[in-house]
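K.L.:
Here's a structure for you.
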Amino acid sequence: MISYISGILAETSAEHIVIETNGFGMNIKVPASVLPGLPAIGSDVKIYTYMYVREDMINLYGFLSRDDLEFFKLMLNVSGIGPKGALSILSYATPDELRLAILTDDEKKISSAPGIGKKTAQRLVLELKDKISSPLSAEDPVNVVGSASSGAVQEAIDALCALGISASEAAAAVKKCGDTEDMTVEEIIKQALRNI
């Protein structure tokens with residue numbers, strides 16, 4: 001298996017990049033989230049890869065970090081999700097956002113990715129919930145934003161969800177508030193709404 005490819009970035013498009021290495025142009029399928037992190041064409045780049053082999057095709061899938069690659073491989077273990085679906089999900093959300101969505105049962109966020117339906121999102125949450133840890137801490141997902149004021153934090157997250165904001169987006173917005181220990185629920189909600 002090819003762990004990574006290092007070379008000169010020769011070409012980019014919405015779905016793939018080409019890296020020139022030792023006289024070969026390696027065509028690598030990438031999620032859209034990779035494109036903003038790439039250097040200018042003609043610059044050196046290192047892409048972590050996964051080789052997918054079937055009877056009728058061989059494809060390389062590439063990522064800027066090992067974390068993205070590992071999450072991609074983890075999603076391939078979910079029944080009904082192939083490389084195309086996993087790439088679509090990673091184009092829509094980072095691994096940390098996906099971990100938070102899975103830990104908070106936020107199927108809506110996952111099913112927002114193109115080509116991913118509600119049942120596939122439910123299966124992803126069900127099959128991966130026990131296999132991942134929180135992206136923000138080792139604590140319970142509702143406390144990943146927390147401090148001593150976890151009750152106020154949870155109330156704020158619940159209130160944001162009542163406004164139609166997904167659980168993972170609400171938790172992320174509250175986390176951006178920083179130290180919430182001396183804040184009231186109302187103050188946390190106001191600040192979190194500014195963060196969305």
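Where a number appears in this text, it was derived from the coordinates with a stated rule and is not lab data. All of these numbers come straight from a predicted model, not from anything done at the bench. FYI the Cβ positions are ideal-geometry reconstructions off the backbone, even for glycines, and counts take in every protein chain you see.
K.L.:
Could you give the length gained by full extension between THR184 and SER65, i.e. 0.36 nm per residue of separation minus their alpha carbon distance, to one decimal place?
P.N.:
So the extension gain works out to 39.0 nm.
K.L.:
Using the count of nearby Cβ atoms within 10 Å as a rough guide to exposure, how do SER6, SER166 rank from fewest to most?
P.N.:
The fewest-first ordering by Cβ neighbours comes to SER6, SER166.
K.L.:
For TYR48, TYR61, TYR4, what ranking results if the residue with the fewest other Cβ atoms within 10 Å of its Cβ goes first?
P.N.:
Fewest-to-most Cβ neighbours within 10 Å comes out as TYR4, TYR48, TYR61.
K.L.:
Based on the Cβ-Cβ distance of SER13 and ASP96, what FRET efficiency does E = 1/(1 + (r/R0)^6) give at R0 = 30 Å, to the nearest 0.05?
P.N.:
With a Förster radius of 30 Å, E is 0.70.
K.L.:
For n ≥ 4 DSSP H runs only, could you compute -39500 (n - 2.57) per run for the chain, divide by its residues and tell me the 222 nm figure to the nearest 500?
P.N.:
-12000 deg cm²/dmol
K.L.:
Check cross-link reach from LYS119 to the lysines: straight Cα distance under 26 Å, and skip same-chain residues fewer than eight apart.
P.N.:
Straight-line reach from LYS119, under 26 Å: LYS29, LYS73, LYS84, LYS108, LYS109, LYS129, LYS131.
K.L.:
Over segment 4-64, what is the relative contact order in whole percent, taking alpha-carbon pairs under 8 Å and six or more residues apart?
P.N.:
Across segment 4-64, relative contact order equals 34 percent.
K.L.:
While we're here: Find how much the distance from ASN195 to LEU163 grows on full extension, using 0.36 nm per residue of separation minus their present alpha carbon separation; answer in nm with one decimal.
P.N.:
Extra length from ASN195 to LEU163 when fully extended: 10.1 nm.
K.L.:
Could you work out how much longer the chain between SER112 and LYS46 gets when fully extended? Use 0.36 nm per residue separation minus the Cα distance between them, nm to one decimal.
P.N.:
Fully extending the segment from SER112 to LYS46 adds 20.8 nm.
K.L.:
Give the cross-link partners of LYS176 among the aspartates and glutamates, using a straight C-alpha distance below 20 Å as the criterion and excluding same-chain residues fewer than 8 apart.
P.N.:
ASP96, GLU97, ASP106, GLU139, ASP140, GLU155, ASP158, GLU186, GLU187
K.L.:
Below 8 Å between Cα atoms, with a sequence gap of 6+, how large is the relative contact order for segment 66-135 in percent?
P.N.:
Worked out over segment 66-135, it gives 35 percent.
K.L.:
Right, next: Tell me the label-point distance for the pair SER88, LYS119, using the 7 Å Cα-to-Cβ offset, in nm and rounded to one decimal.
P.N.:
Using points 7 Å along Cα→Cβ, the separation is 1.4 nm.
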